[in-house]
Amino acid sequence: MTTPHLLVTGGAGFIGGAIVEQALERGWRVRVLDSLRSDVHGAPPVIDPRVHFIHGDVTVPADVDAALLGVDVVCHQAAKVGLGVNFADAPDYVTSNEVGTAVLLAAMARAGTDRLVLASSMVVYGEGSYVGRHGHARPGPRRTVDLDDGRFDPVDEVTGDRLHPALISEDDPLDPRNVYASTKLGQEYLTTAWARSTGGRAIALRYHNVYGPGMPQNTPYAGVASLFRSALERGEAPTVFEDGAQRRDFVHVHDVASANLAAIDFTETAAEQFFRAFNVGSGTVHTIGEMAEALSAAAHGPAPVITGEYRLGDVRHITASSERIRSELQWMPAVTFEEGMREFATAPLRAAVHR
Ligand code: UD1
């Protein structure tokens, strides 16, 4: 039997790199296609010498054709992430994420590569699911007047009662509310269409808030854990927005990588023409305030400061059930919040980007 061959797009990045490491440990031959974008990579990343590295772009058909030669399965991590700076970022998000995925899928169709794992995100659910006095509710965007008055939790539009967050399942309605979210959902829809028309087998993994060693730091696209970690390294207190009670599920990058490996294996056993989405979280919900406290304590740094400021684009709570991936792919996260944050408080981050 020949060794199976995996292509990881974005394999030089934070999550892609962790996937590459685990795939090598499991005996895969690994190829990486990565454009080494200057707004992500401050210094050239260290690539494992066992990897066949192709410096190229997923939006360029010739680069993707070269990267797909002899490949059995593709793990598509290359993307422009985060909320971005402003709406002027929109064309770059659409090109990097949607055009990139369309070019990749077309090349896979040409090459006859029929297995794909796609990096998606919890942002496809928007504000998510809540419970109020009258059962389930899906609140609209939060109002500036409420936020200015420190009313951060979504309220029932009719009664004005505070709503309580519920766990989102994969079958809940999708409600992308920013450009990044809409491109992540666009990638899922393109993948569904590809699976249907070519008989391809695909899994989309909707990641929660990923953190861990090698996380990008000072870019406008950095997640909150990395911003807090960078502040502590400068000897400054983490600045917590709103009242710090926003809820998130922080999932360690090693667990996200093992979820990708489980999904890659599953595409081999799946029937013809398969597309299924899975939430990927630790299963344990924490507030942003708790996360800041845990990092400050582990770094022996200044206590977090709660500012009461807000960012209009932020959703209040993002909490989803990760039961489907546990039961259908037999995946279990291995890193607890306590262990992960203790390690992350002093772990190296990705080299700073100089602008
Ligand atoms: C994050 C990711 C998004 C991913 C999603 C999956 C980023 C920028 N966003 O979105 O790509 O799809 O998880 O669930 O990586 N906050 C502070 N202080 C700060 C910065 C932020 O308190 O200095 C708060 C925000 O107000 C927000 C929370 O932290 O309530 C999380 O912010 P952030 O990590 O930027 O984005 P998410 O919406 O969780």
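The values are calculated or read from the model by the stated rules, or taken from the named source; none is laboratory data. Just so it is clear, the structure is predicted and the values come from calculations on it, not from any experiment. Reconstructed Cβ throughout: ideal geometry from the backbone, glycine too, with neighbour counts over all protein chains shown.
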Given (1) modelled with pLDDT of 95 or more; (2) among the aliphatic types (A, V, I, L, M); (3) more than 16 Å from the ligand (Cβ to nearest atom), A119 misses just (3)
In the set E170, E98, E127, the lone residue that is closer than 22 Å to V210 by Cβ, of a type in the set (D, E) and touching a Pro at 6+ places or on another chain (Cβ under 9 Å) is E127
How many residues of segment 161-171 are outside any strand (DSSP E or B), under 12 Å from I318 (Cβ atoms) and of a type outside the set (G, A, S)? The answer is 1
For segment 292-315, pairs from a residue that is on the phi < 0 side of the Ramachandran plot and among the acidic types (D, E) to a residue that is within 8 Å of the ligand (Cβ to nearest atom) and at pLDDT 95 or above, with Cβ under 9 Å and 6 or more apart or across chains, are E293/P238; E293/G244; E309/T239; E309/F241; E309/E242; D314/F241; D314/E242; D314/Q246
*asked:* When you scan segment 67-84, do you find a residue that is over 24 Å from D265 (Cα atoms) and of a type in the set (D, E), even just one?
replied: no
Looking across segment 17-35 at residues that are surrounded by fewer than 17 Cβ atoms within 10 Å (Cβ to Cβ) and either part of a loop (DSSP other than H, G, I, E, B) or among the basic types (K, R) (or both), the single one that is nearest to the chain's Cα centre (by Cα) is R26
Exercise. Please indicate, with yes or no, whether at least one residue in segment 53-76 is within 16 Å of the ligand (Cβ to nearest atom) and under 18 Å from E21 (Cβ atoms).
Key: yes
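So which residues in segment 190-225 are part of a helix (DSSP H, G or I) and near the ligand (Cβ under 8 Å from one of its atoms)?
Taking segment 190-225 as the starting set, the residues that turn out to be part of a helix (DSSP H, G or I) are 190-198, 224-225.
Hits for segment 190-225 are V224, A225.
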Within segment 49-68, residues of a type in the set (D, E) and within 23 Å of the chain's Cα centre (by Cα) come out as D57
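For (1) at pLDDT 95 or above; (2) more than 16 Å from the ligand (Cβ to nearest atom); (3) crowded, with 16+ Cβ neighbours inside 10 Å; (4) among the small types (G, A, S), each residue gets a yes or a no:
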site	(1), (2), (3), (4)
A245	yes, no, no, yes
A262	yes, yes, yes, yes
T319	no, no, yes, no
P333	yes, no, yes, no
M341	yes, no, yes, no
R355	no, yes, no, no
Only one of (1) within 13 Å of the ligand (Cβ to nearest atom); (2) in a strand (DSSP E or B) does not apply to L185, and that is (2)
Exception for V145 within (1) modelled with pLDDT of 90 or more; (2) surrounded by fewer than 23 Cβ atoms within 10 Å (Cβ to Cβ); (3) under 21 Å from D57 (Cα atoms) falls at (3)
Result of the Cβ filter at 8 Å on segment 65-83, keeping first residues that are touching a residue at least 12 places away in the same chain (Cβ under 8 Å) and partners that are part of a loop (DSSP other than H, G, I, E, B) and hydrophobic (A, V, I, L, M, F, W, C), at least 6 apart or interchain, is H76/V58; A78/V58; G82/A222
Could we say that F278 is at negative phi, surrounded by 21 or more Cβ atoms within 10 Å (Cβ to Cβ) and more than 10 Å from the ligand (Cβ to nearest atom) here? yes
Does at least one position in segment 58-73 carry a residue that is among the acidic types (D, E), modelled with pLDDT under 95, assigned to a loop (DSSP other than H, G, I, E, B) and touching a Ser or Thr at 6+ places or on another chain (Cβ under 8 Å)?
no
Flagged in segment 151-173 as within 28 Å of T307 (Cα to Cα) and away from the ligand (no atom under 14 Å from the Cβ), in numbering order, are R151, V155, D156, E157, G160, D161, R162, L163, H164, A166
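Matching residues to (1) free of Cβ contacts under 8 Å to residues at least 12 places away in the same chain; (2) part of a helix (DSSP H, G or I); (3) under 20 Å from the mean Cα position of the chain (by Cα); (4) on the phi > 0 side of the Ramachandran plot:
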site: A90; (1), (2), (3), (4): no, yes, yes, no
site: Y93; (1), (2), (3), (4): no, yes, yes, no
site: A106; (1), (2), (3), (4): no, yes, no, no
site: V131; (1), (2), (3), (4): no, no, no, no
site: P139; (1), (2), (3), (4): no, no, no, no
site: R142; (1), (2), (3), (4): no, no, no, no
Flagged in segment 1-16 as assigned to a loop (DSSP other than H, G, I, E, B) and buried (at least 23 other Cβ atoms within 10 Å of the Cβ), in numbering order, are G10, G11, A12, G13
Taking segment 172-199 and the residues there that are in contact with a Lys or Arg (Cβ under 9 Å, 6 or more places away or on another chain) and of a type outside the set (K, R), the one that is nearest to A88 (Cα to Cα) would be Y180
